[in-house]
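A quick write-up on the structure given underneath.
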Amino acid sequence: MIHSNITVSDDGHLCFAGRDTVQLAEKYGTPLMLIDEDRVRERASTYVAAMREYFGEGSAPLYASKALSCVAMYKIVGSEGMSVDVVSSGELYTALKAGFPAERIYFHGNNKTADDVRYGLDSRIGYFVADNLDEVERISVMAGERGMTQPILLRLTPGIDPHTNEKISTGKVDSKFGTAIETGQAEQLIARVLTMPGIKLCGFHCHVGSQVFDQYPFCDAADIMIDFMAHIEQSLGYRAEILNLGGGFGVRYVDSDPYIDIRDTIRLIAEHINNRCAEHGMPVPRILMEPGRSIVADSGMTVYTVGSVKTIAGYKSYVAIDGGMTDNPRYTLYGSKYTVYNASRADAPADFKCTVAGRCCESGDLIAEGVSVARPQSGDKLAVAVTGAYNYSMASNYNRVPRPPIVALRGGADRVIVRRETYADMVACDIDE
Ligand code: LLP
(Lines give C-alpha, C1' and ligand atoms only; values in the text may rest on other atoms or scores of the structure.)
Protein backbone atom coordinates (compact mmCIF):
# COMPACT_ATOMS: atom_id res chain seq x y z
CA MET A 1 0.00 0.00 0.00
CA ILE A 2 1.25 3.44 -0.87
CA HIS A 3 0.81 4.89 2.65
CA SER A 4 0.62 3.45 6.14
CA ASN A 5 -2.97 4.67 6.63
CA ILE A 6 -4.14 2.28 3.89
CA THR A 7 -4.70 -1.34 4.92
CA VAL A 8 -6.88 -4.34 4.04
CA SER A 9 -9.61 -5.77 6.29
CA ASP A 10 -10.10 -9.48 6.96
CA ASP A 11 -12.94 -9.56 4.44
CA GLY A 12 -10.74 -8.08 1.72
CA HIS A 13 -11.99 -4.50 1.83
CA LEU A 14 -9.69 -1.54 1.59
CA CYS A 15 -9.41 0.39 4.84
CA PHE A 16 -8.40 4.00 5.22
CA ALA A 17 -7.41 5.40 8.61
CA GLY A 18 -8.50 2.03 9.98
CA ARG A 19 -12.00 2.30 8.51
CA ASP A 20 -13.62 0.04 5.92
CA THR A 21 -13.99 2.21 2.81
CA VAL A 22 -16.71 0.00 1.29
CA GLN A 23 -18.86 0.41 4.40
CA LEU A 24 -18.22 4.16 4.43
CA ALA A 25 -19.19 4.32 0.74
CA GLU A 26 -22.44 2.49 1.55
CA LYS A 27 -23.16 4.84 4.42
CA TYR A 28 -22.45 8.12 2.62
CA GLY A 29 -22.82 7.22 -1.09
CA THR A 30 -20.24 7.82 -3.79
CA PRO A 31 -18.22 9.65 -4.93
CA LEU A 32 -16.99 10.14 -1.41
CA MET A 33 -13.99 12.04 -0.23
CA LEU A 34 -12.38 10.83 2.98
CA ILE A 35 -9.95 12.79 5.13
CA ASP A 36 -7.74 11.10 7.71
CA GLU A 37 -7.99 13.84 10.31
CA ASP A 38 -5.52 12.18 12.66
CA ARG A 39 -2.91 12.29 9.93
CA VAL A 40 -3.62 15.94 9.08
CA ARG A 41 -3.17 16.80 12.75
CA GLU A 42 0.02 14.77 12.95
CA ARG A 43 1.47 16.55 9.90
CA ALA A 44 0.45 19.97 11.18
CA SER A 45 1.95 19.38 14.60
CA THR A 46 5.16 17.97 13.07
CA TYR A 47 5.66 21.21 11.15
CA VAL A 48 4.83 23.37 14.17
CA ALA A 49 7.21 21.48 16.47
CA ALA A 50 10.06 21.12 13.96
CA MET A 51 9.98 24.76 12.94
CA ARG A 52 9.94 25.90 16.54
CA GLU A 53 12.77 23.54 17.44
CA TYR A 54 15.07 24.26 14.49
CA PHE A 55 14.24 27.86 13.60
CA GLY A 56 13.32 29.08 17.06
CA GLU A 57 10.32 30.77 18.65
CA GLY A 58 8.46 33.08 16.31
CA SER A 59 9.04 30.81 13.34
CA ALA A 60 5.91 29.01 12.19
CA PRO A 61 4.26 27.08 9.40
CA LEU A 62 1.26 28.57 7.61
CA TYR A 63 -1.17 26.09 6.09
CA ALA A 64 -1.49 26.96 2.37
CA SER A 65 -5.22 26.59 2.43
CA LYS A 66 -5.61 26.49 -1.36
CA ALA A 67 -4.79 22.78 -0.97
CA LEU A 68 -8.12 22.17 0.78
CA SER A 69 -10.20 25.06 2.00
CA CYS A 70 -13.24 24.36 4.13
CA VAL A 71 -14.35 25.50 7.57
CA ALA A 72 -13.26 22.28 9.28
CA MET A 73 -9.75 22.40 7.81
CA TYR A 74 -9.10 25.88 9.24
CA LYS A 75 -10.34 24.66 12.62
CA ILE A 76 -8.15 21.56 12.48
CA VAL A 77 -4.89 23.27 11.49
CA GLY A 78 -5.62 26.23 13.75
CA SER A 79 -6.05 23.98 16.76
CA GLU A 80 -2.68 22.38 15.97
CA GLY A 81 -1.02 25.80 16.13
CA MET A 82 -0.59 26.59 12.45
CA SER A 83 -1.22 29.99 10.91
CA VAL A 84 -2.80 30.13 7.42
CA ASP A 85 -2.15 31.49 3.98
CA VAL A 86 -5.21 32.51 1.98
CA VAL A 87 -5.13 33.59 -1.66
CA SER A 88 -8.57 35.06 -2.12
CA SER A 89 -11.40 36.74 -0.29
CA GLY A 90 -13.27 33.44 -0.56
CA GLU A 91 -10.58 31.60 1.39
CA LEU A 92 -10.38 34.50 3.84
CA TYR A 93 -14.14 34.37 4.34
CA THR A 94 -13.99 30.63 5.00
CA ALA A 95 -11.12 31.03 7.49
CA LEU A 96 -12.96 33.79 9.37
CA LYS A 97 -16.17 31.75 9.32
CA ALA A 98 -14.16 29.01 11.06
CA GLY A 99 -13.20 31.53 13.75
CA PHE A 100 -9.57 31.49 12.67
CA PRO A 101 -7.66 34.28 14.46
CA ALA A 102 -7.31 37.10 11.91
CA GLU A 103 -3.83 38.04 13.11
CA ARG A 104 -2.58 34.59 12.05
CA ILE A 105 -3.84 35.00 8.48
CA TYR A 106 -1.50 35.90 5.59
CA PHE A 107 -3.19 37.13 2.41
CA HIS A 108 -1.42 36.00 -0.77
CA GLY A 109 -2.20 36.22 -4.47
CA ASN A 110 -0.64 37.94 -7.47
CA ASN A 111 -3.54 40.32 -8.07
CA LYS A 112 -5.45 41.36 -5.00
CA THR A 113 -8.39 43.46 -6.00
CA ALA A 114 -9.48 46.58 -4.15
CA ASP A 115 -12.24 44.44 -2.62
CA ASP A 116 -9.66 41.90 -1.42
CA VAL A 117 -7.55 44.63 0.17
CA ARG A 118 -10.59 46.23 1.80
CA TYR A 119 -11.79 42.90 3.19
CA GLY A 120 -8.33 42.00 4.50
CA LEU A 121 -7.81 45.39 6.15
CA ASP A 122 -11.28 45.51 7.66
CA SER A 123 -10.83 41.98 9.00
CA ARG A 124 -7.53 43.04 10.61
CA ILE A 125 -5.57 40.19 9.07
CA GLY A 126 -1.97 39.75 10.16
CA TYR A 127 -0.16 40.32 6.89
CA PHE A 128 -0.60 40.88 3.21
CA VAL A 129 2.04 39.18 1.10
CA ALA A 130 2.21 41.87 -1.57
CA ASP A 131 3.18 40.89 -5.08
CA ASN A 132 4.04 44.12 -6.89
CA LEU A 133 4.14 47.91 -6.76
CA ASP A 134 0.53 48.45 -7.86
CA GLU A 135 -0.64 46.21 -5.07
CA VAL A 136 1.53 47.81 -2.40
CA GLU A 137 0.22 51.22 -3.44
CA ARG A 138 -3.34 49.96 -3.15
CA ILE A 139 -2.69 48.60 0.35
CA SER A 140 -0.84 51.76 1.39
CA VAL A 141 -3.64 54.09 0.25
CA MET A 142 -6.46 52.00 1.67
CA ALA A 143 -4.71 51.38 4.99
CA GLY A 144 -3.95 55.12 5.18
CA GLU A 145 -7.65 55.91 4.64
CA ARG A 146 -8.40 53.77 7.67
CA GLY A 147 -5.64 55.30 9.76
CA MET A 148 -3.96 51.89 9.94
CA THR A 149 -0.42 50.64 9.51
CA GLN A 150 -0.71 47.28 7.78
CA PRO A 151 2.15 44.78 8.11
CA ILE A 152 3.23 43.37 4.75
CA LEU A 153 5.75 40.97 3.29
CA LEU A 154 6.95 41.34 -0.28
CA ARG A 155 6.88 38.34 -2.58
CA LEU A 156 10.17 38.14 -4.46
CA THR A 157 11.32 35.72 -7.15
CA PRO A 158 14.71 34.29 -6.30
CA GLY A 159 15.26 32.83 -9.78
CA ILE A 160 15.23 29.18 -8.76
CA ASP A 161 14.02 26.37 -10.98
CA PRO A 162 12.97 23.46 -8.72
CA HIS A 163 12.68 21.08 -11.71
CA THR A 164 9.10 20.22 -11.06
CA ASN A 165 6.08 20.42 -13.39
CA GLU A 166 6.20 23.74 -15.29
CA LYS A 167 2.67 24.65 -14.18
CA ILE A 168 3.55 24.39 -10.49
CA SER A 169 6.98 26.02 -10.68
CA THR A 170 6.77 29.61 -9.51
CA GLY A 171 10.15 30.84 -8.28
CA LYS A 172 11.73 31.56 -11.65
CA VAL A 173 12.37 35.13 -12.80
CA ASP A 174 9.89 34.73 -15.67
CA SER A 175 6.84 34.16 -13.49
CA LYS A 176 3.53 35.89 -12.99
CA PHE A 177 4.27 35.90 -9.27
CA GLY A 178 6.37 38.34 -7.29
CA THR A 179 9.07 40.82 -8.16
CA ALA A 180 12.46 39.69 -9.44
CA ILE A 181 15.67 40.07 -7.46
CA GLU A 182 17.92 39.41 -10.46
CA THR A 183 16.64 42.35 -12.52
CA GLY A 184 17.11 44.88 -9.73
CA GLN A 185 13.35 45.49 -9.57
CA ALA A 186 13.00 44.01 -6.09
CA GLU A 187 15.48 46.50 -4.67
CA GLN A 188 13.75 49.40 -6.41
CA LEU A 189 10.41 48.22 -5.06
CA ILE A 190 11.75 48.00 -1.50
CA ALA A 191 13.20 51.49 -1.74
CA ARG A 192 9.73 52.75 -2.71
CA VAL A 193 7.88 50.68 -0.12
CA LEU A 194 10.04 52.04 2.69
CA THR A 195 8.80 55.54 1.92
CA MET A 196 5.10 54.65 1.75
CA PRO A 197 2.66 55.46 4.55
CA GLY A 198 0.09 53.01 5.88
CA ILE A 199 2.28 49.95 5.60
CA LYS A 200 5.07 48.34 7.56
CA LEU A 201 7.47 46.14 5.61
CA CYS A 202 8.22 43.12 7.81
CA GLY A 203 10.16 40.93 5.43
CA PHE A 204 10.24 38.89 2.27
CA HIS A 205 8.60 35.85 0.78
CA CYS A 206 9.55 33.42 -1.93
CA HIS A 207 8.07 30.15 -3.14
CA VAL A 208 10.05 27.97 -5.50
CA GLY A 209 7.36 25.51 -6.56
CA SER A 210 5.52 22.37 -5.59
CA GLN A 211 6.39 18.65 -5.36
CA VAL A 212 9.98 19.26 -4.22
CA PHE A 213 11.57 16.19 -2.63
CA ASP A 214 14.73 17.46 -0.97
CA GLN A 215 16.13 20.48 0.82
CA TYR A 216 18.33 21.79 -2.00
CA PRO A 217 15.91 24.13 -3.82
CA PHE A 218 14.93 25.60 -0.44
CA CYS A 219 18.57 26.06 0.56
CA ASP A 220 19.38 27.63 -2.82
CA ALA A 221 16.41 29.98 -2.50
CA ALA A 222 17.38 30.81 1.10
CA ASP A 223 20.95 31.64 -0.02
CA ILE A 224 19.68 34.08 -2.59
CA MET A 225 17.19 35.61 -0.19
CA ILE A 226 19.67 35.93 2.69
CA ASP A 227 22.38 37.39 0.44
CA PHE A 228 19.79 39.82 -0.84
CA MET A 229 18.66 40.70 2.68
CA ALA A 230 22.27 41.40 3.66
CA HIS A 231 22.65 43.55 0.57
CA ILE A 232 19.44 45.50 1.30
CA GLU A 233 20.62 46.14 4.84
CA GLN A 234 23.77 47.71 3.42
CA SER A 235 22.21 49.58 0.52
CA LEU A 236 18.95 50.76 2.11
CA GLY A 237 19.64 50.34 5.81
CA TYR A 238 16.61 48.06 6.12
CA ARG A 239 16.76 44.83 8.13
CA ALA A 240 13.95 42.33 7.46
CA GLU A 241 12.58 40.40 10.44
CA ILE A 242 10.80 37.68 8.48
CA LEU A 243 11.83 35.33 5.70
CA ASN A 244 8.99 33.22 4.33
CA LEU A 245 10.23 30.29 2.25
CA GLY A 246 6.84 29.27 0.83
CA GLY A 247 5.56 25.72 0.49
CA GLY A 248 6.36 22.84 -1.77
CA PHE A 249 7.37 19.70 0.16
CA GLY A 250 6.55 16.79 -2.12
CA VAL A 251 4.11 13.97 -1.52
CA ARG A 252 4.19 10.37 -2.67
CA TYR A 253 1.38 9.66 -5.12
CA VAL A 254 2.78 6.44 -6.63
CA ASP A 255 5.39 3.92 -5.51
CA SER A 256 8.09 5.43 -7.71
CA ASP A 257 7.78 8.85 -5.98
CA PRO A 258 10.37 9.57 -3.30
CA TYR A 259 9.48 10.25 0.30
CA ILE A 260 10.41 13.41 2.17
CA ASP A 261 10.87 13.44 5.94
CA ILE A 262 9.38 16.74 7.07
CA ARG A 263 11.31 17.03 10.30
CA ASP A 264 14.70 16.11 8.86
CA THR A 265 14.30 18.38 5.87
CA ILE A 266 13.38 21.31 8.09
CA ARG A 267 16.44 20.57 10.22
CA LEU A 268 18.70 20.57 7.15
CA ILE A 269 17.23 23.81 5.83
CA ALA A 270 17.62 25.39 9.27
CA GLU A 271 21.28 24.36 9.55
CA HIS A 272 21.91 25.83 6.13
CA ILE A 273 20.17 29.11 6.95
CA ASN A 274 21.94 29.46 10.30
CA ASN A 275 25.32 29.06 8.58
CA ARG A 276 24.49 31.50 5.83
CA CYS A 277 23.30 34.14 8.29
CA ALA A 278 26.43 33.60 10.40
CA GLU A 279 28.59 34.17 7.30
CA HIS A 280 26.88 37.53 6.87
CA GLY A 281 27.06 38.26 10.59
CA MET A 282 23.32 38.83 10.61
CA PRO A 283 20.71 37.49 13.03
CA VAL A 284 18.58 34.62 11.75
CA PRO A 285 15.22 36.04 10.69
CA ARG A 286 11.91 34.55 11.80
CA ILE A 287 11.30 31.81 9.27
CA LEU A 288 7.86 30.98 7.89
CA MET A 289 6.94 28.12 5.58
CA GLU A 290 3.69 27.44 3.75
CA PRO A 291 2.98 23.73 3.37
CA GLY A 292 -0.26 22.80 1.64
CA ARG A 293 0.07 19.47 -0.12
CA SER A 294 2.28 17.87 2.53
CA ILE A 295 -0.32 18.67 5.21
CA VAL A 296 -3.33 17.12 3.55
CA ALA A 297 -2.59 15.16 0.34
CA ASP A 298 -1.96 11.69 1.73
CA SER A 299 -4.71 12.26 4.29
CA GLY A 300 -7.21 12.09 1.45
CA MET A 301 -8.84 9.26 -0.45
CA THR A 302 -11.71 9.32 -2.94
CA VAL A 303 -14.05 6.35 -3.20
CA TYR A 304 -16.16 5.81 -6.32
CA THR A 305 -18.56 3.16 -7.59
CA VAL A 306 -17.69 1.36 -10.80
CA GLY A 307 -20.47 1.74 -13.36
CA SER A 308 -19.10 -0.24 -16.25
CA VAL A 309 -16.03 -2.13 -17.35
CA LYS A 310 -15.48 -1.95 -21.08
CA THR A 311 -12.71 -3.75 -22.93
CA ILE A 312 -12.10 -2.52 -26.45
CA ALA A 313 -10.78 -5.62 -28.21
CA GLY A 314 -7.15 -5.12 -29.20
CA TYR A 315 -6.94 -1.80 -27.35
CA LYS A 316 -7.55 -1.40 -23.66
CA SER A 317 -10.05 -1.57 -20.86
CA TYR A 318 -11.94 1.38 -19.45
CA VAL A 319 -13.34 1.34 -15.95
CA ALA A 320 -16.01 4.04 -15.67
CA ILE A 321 -16.58 5.59 -12.25
CA ASP A 322 -19.28 7.90 -10.91
CA GLY A 323 -16.91 10.88 -10.52
CA GLY A 324 -13.91 12.08 -12.49
CA MET A 325 -12.41 15.40 -13.53
CA THR A 326 -15.15 17.24 -11.66
CA ASP A 327 -13.81 16.04 -8.30
CA ASN A 328 -10.20 15.47 -9.43
CA PRO A 329 -9.00 17.47 -12.43
CA ARG A 330 -5.30 16.80 -11.81
CA TYR A 331 -4.78 14.07 -14.41
CA THR A 332 -6.57 16.15 -17.02
CA LEU A 333 -4.57 19.26 -16.09
CA TYR A 334 -1.12 17.93 -15.30
CA GLY A 335 -1.10 14.23 -16.19
CA SER A 336 -0.67 13.57 -12.46
CA LYS A 337 -0.22 9.94 -11.51
CA TYR A 338 -2.39 8.22 -8.90
CA THR A 339 -2.52 4.91 -7.10
CA VAL A 340 -5.86 3.18 -7.57
CA TYR A 341 -7.32 0.23 -5.65
CA ASN A 342 -10.33 -1.97 -6.11
CA ALA A 343 -11.61 -1.31 -2.59
CA SER A 344 -14.10 -4.17 -2.76
CA ARG A 345 -11.39 -6.72 -3.65
CA ALA A 346 -8.30 -5.31 -2.03
CA ASP A 347 -6.96 -8.77 -1.21
CA ALA A 348 -7.12 -10.00 -4.83
CA PRO A 349 -4.13 -9.65 -7.16
CA ALA A 350 -4.00 -6.27 -8.89
CA ASP A 351 -3.59 -7.72 -12.37
CA PHE A 352 -6.22 -5.93 -14.44
CA LYS A 353 -4.65 -3.10 -16.42
CA CYS A 354 -7.09 -0.34 -17.19
CA THR A 355 -7.83 3.31 -17.71
CA VAL A 356 -10.08 4.86 -15.09
CA ALA A 357 -12.56 7.20 -16.76
CA GLY A 358 -14.91 9.76 -15.30
CA ARG A 359 -18.45 10.42 -16.43
CA CYS A 360 -18.09 13.81 -18.02
CA CYS A 361 -18.81 14.35 -21.69
CA GLU A 362 -15.12 14.85 -22.39
CA SER A 363 -12.59 12.25 -23.66
CA GLY A 364 -9.87 13.73 -21.47
CA ASP A 365 -11.92 13.08 -18.34
CA LEU A 366 -9.62 10.40 -16.97
CA ILE A 367 -8.27 9.79 -13.48
CA ALA A 368 -5.49 7.36 -14.36
CA GLU A 369 -4.24 5.48 -17.40
CA GLY A 370 -2.57 2.07 -17.47
CA VAL A 371 -3.07 1.33 -13.77
CA SER A 372 -3.45 -2.20 -12.43
CA VAL A 373 -6.26 -3.10 -10.05
CA ALA A 374 -8.00 -6.30 -9.02
CA ARG A 375 -10.45 -7.01 -11.88
CA PRO A 376 -13.51 -4.88 -11.11
CA GLN A 377 -17.17 -5.54 -11.72
CA SER A 378 -19.98 -3.05 -11.96
CA GLY A 379 -20.87 -2.04 -8.41
CA ASP A 380 -17.38 -2.47 -6.97
CA LYS A 381 -15.90 0.45 -5.08
CA LEU A 382 -12.76 1.94 -6.56
CA ALA A 383 -10.49 4.02 -4.32
CA VAL A 384 -8.02 6.63 -5.49
CA ALA A 385 -5.35 7.42 -2.90
CA VAL A 386 -3.64 10.70 -2.01
CA THR A 387 -6.48 12.97 -3.14
CA GLY A 388 -6.52 15.30 -0.12
CA ALA A 389 -4.78 18.25 -1.76
CA TYR A 390 -5.89 20.18 -4.84
CA ASN A 391 -8.76 17.82 -5.58
CA TYR A 392 -11.81 19.13 -3.76
CA SER A 393 -10.36 22.64 -3.89
CA MET A 394 -10.10 22.44 -7.70
CA ALA A 395 -13.38 20.57 -8.18
CA SER A 396 -16.01 21.94 -10.54
CA ASN A 397 -19.63 21.45 -11.51
CA TYR A 398 -18.86 20.73 -15.15
CA ASN A 399 -21.83 18.88 -16.65
CA ARG A 400 -23.64 19.95 -13.48
CA VAL A 401 -22.10 17.13 -11.52
CA PRO A 402 -22.44 17.84 -7.80
CA ARG A 403 -19.30 17.92 -5.66
CA PRO A 404 -18.86 14.99 -3.27
CA PRO A 405 -19.09 15.27 0.50
CA ILE A 406 -15.99 15.21 2.67
CA VAL A 407 -16.04 12.86 5.64
CA ALA A 408 -13.34 13.24 8.28
CA LEU A 409 -12.07 10.14 10.08
CA ARG A 410 -10.70 10.66 13.55
CA GLY A 411 -9.97 8.15 16.27
CA GLY A 412 -12.32 5.56 14.74
CA ALA A 413 -15.22 8.01 14.32
CA ASP A 414 -16.52 9.56 11.10
CA ARG A 415 -18.20 12.93 10.61
CA VAL A 416 -19.30 14.92 7.59
CA ILE A 417 -17.29 18.13 7.33
CA VAL A 418 -18.61 19.16 3.91
CA ARG A 419 -22.01 17.85 2.81
CA ARG A 420 -22.69 16.55 -0.68
CA GLU A 421 -23.81 19.23 -3.10
CA THR A 422 -27.40 18.97 -4.26
CA TYR A 423 -28.97 19.77 -7.62
CA ALA A 424 -30.70 22.64 -5.83
CA ASP A 425 -27.26 24.00 -4.83
CA MET A 426 -26.35 24.03 -8.49
CA VAL A 427 -29.28 26.17 -9.57
CA ALA A 428 -29.01 28.41 -6.50
CA CYS A 429 -27.40 31.23 -8.49
CA ASP A 430 -29.56 30.78 -11.61
CA ILE A 431 -32.22 33.43 -12.13
CA ASP A 432 -35.50 31.72 -13.00
CA GLU A 433 -37.70 34.46 -14.46
N1 LLP B 1 2.78 29.11 -0.95
C2 LLP B 1 2.58 29.64 -2.15
C3 LLP B 1 2.88 31.05 -2.36
C4 LLP B 1 2.11 28.85 -3.20
O5 LLP B 1 1.93 29.38 -4.41
C6 LLP B 1 1.79 27.49 -2.96
C7 LLP B 1 1.25 26.65 -4.00
C8 LLP B 1 2.00 26.98 -1.66
C9 LLP B 1 2.50 27.83 -0.68
C10 LLP B 1 1.71 25.57 -1.29
O11 LLP B 1 2.51 24.67 -1.97
P12 LLP B 1 2.44 23.11 -1.60
O13 LLP B 1 3.06 22.93 -0.23
O14 LLP B 1 1.03 22.70 -1.60
O15 LLP B 1 3.21 22.45 -2.68
N16 LLP B 1 -2.87 22.88 -8.21
C17 LLP B 1 -1.52 22.36 -8.25
C18 LLP B 1 -0.66 22.96 -7.18
C19 LLP B 1 -0.56 24.45 -7.28
C20 LLP B 1 0.24 25.01 -6.16
C21 LLP B 1 0.22 26.49 -6.19
N22 LLP B 1 0.89 27.11 -5.12
C23 LLP B 1 -1.57 20.83 -8.10
O24 LLP B 1 -2.65 20.28 -8.04
O25 LLP B 1 -0.52 20.19 -8.09
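The values are calculated or read from the model by the stated rules, or taken from the named source; none is laboratory data. Since we're looking at a predicted model, the values are computed, not measured. Cβ sites come from the backbone with ideal geometry, for glycine too, and all protein chains shown count toward neighbours. Surface areas here come from the heavy atoms of the whole protein model, side chains and all, with no ligands, DNA or RNA. Shrake-Rupley method; radii C 1.70, N 1.55, O 1.52, S 1.80 Å.
Subtracting the Cα-Cα distance of Y318 and Y238 from their residue separation scaled by 0.36 nm leaves 22.8 nm. Once you sort the root eigenvalues of the Cα gyration tensor of the stretch 314-433 as a ≥ b ≥ c, which label holds: rounded (a/c under 1.5), prolate (a/b larger than b/c) or oblate (the other case)? Judged from the Cα gyration tensor, the stretch 314-433 comes out oblate (a/c at least 1.5, b/c at or above a/b).
The string of couplings for the stretch 7-14 from the Karplus curve (6.51, -1.76, 1.60, θ = phi - 60°) is 9, 10, 7, 4, 8, x, 8, 6 Hz, one whole number per residue in order, with x for Gly and Pro. Computing FRET efficiency as 1/(1 + (r/R0)^6) for N111 and I2, where r is the C-beta to C-beta distance and R0 is 30 Å, gives about 0.25. Summary of the geometry: the stretch 323-359 and the stretch 247-275, compared by the centres of their Cα atoms, lie 27 Å apart. Ordered by solvent-accessible area of protein heavy atoms (1.4 Å probe), largest first, the residues L32, L333 come out as L333, L32.
Multiplying the residue separation of K200 and R146 by 0.36 nm and removing their Cα-Cα distance gives an extension gain of 18.0 nm. Distance between the C-alpha centres of the stretch 195-230 and the stretch 105-123: 21 Å, rounded to the whole angstrom.
Projected over all directions and averaged, the alpha-carbon convex hull of the stretch 190-267 occupies 6.4 nm².
Evaluating 6.51 cos²θ - 1.76 cosθ + 1.60 at θ = phi - 60° for every residue in the stretch 408-420, the Karplus couplings come out as 8, 10, 9, x, x, 9, 10, 8, 6, 9, 9, 7, 5 Hz, glycine and proline recorded as x. Rounded, prolate or oblate: which one fits the stretch 373-422, using the alpha carbon gyration tensor with axes a ≥ b ≥ c (rounded when a/c is under 1.5, else prolate when a/b beats b/c, else oblate)? Oblate shape, in that a/c is at least 1.5 and b/c is the bigger or equal ratio. Straight Cα distances below 24 angstrom link K75 to the lysines K66, K97, with same-chain residues fewer than 8 positions distant left out. Rounded to the nearest 0.05, the FRET efficiency derived from the C-beta distance between R267 and R410 at R0 = 30 Å is 0.55. If you wrap the Cα atoms of the stretch 21-134 in a convex hull and average its projected area over all directions, you get 8.8 nm². Working note: Debye formula, equal point scatterers on the alpha-carbon atoms of the chain, no solvent; log10 I(q)/I(0) at q = 0.08, 0.09, 0.13 Å⁻¹ is -0.48, -0.60, -1.12. For the stretch 87-213, the C-alpha radius of gyration sits at 1.07 times the compact-globule guess of 2.2 N^0.38 Å, with N the residue count.
Scaling the Cα radius of gyration of the stretch 182-324 by the globular reference 2.2 N^0.38 Å produces a ratio of 1.53.
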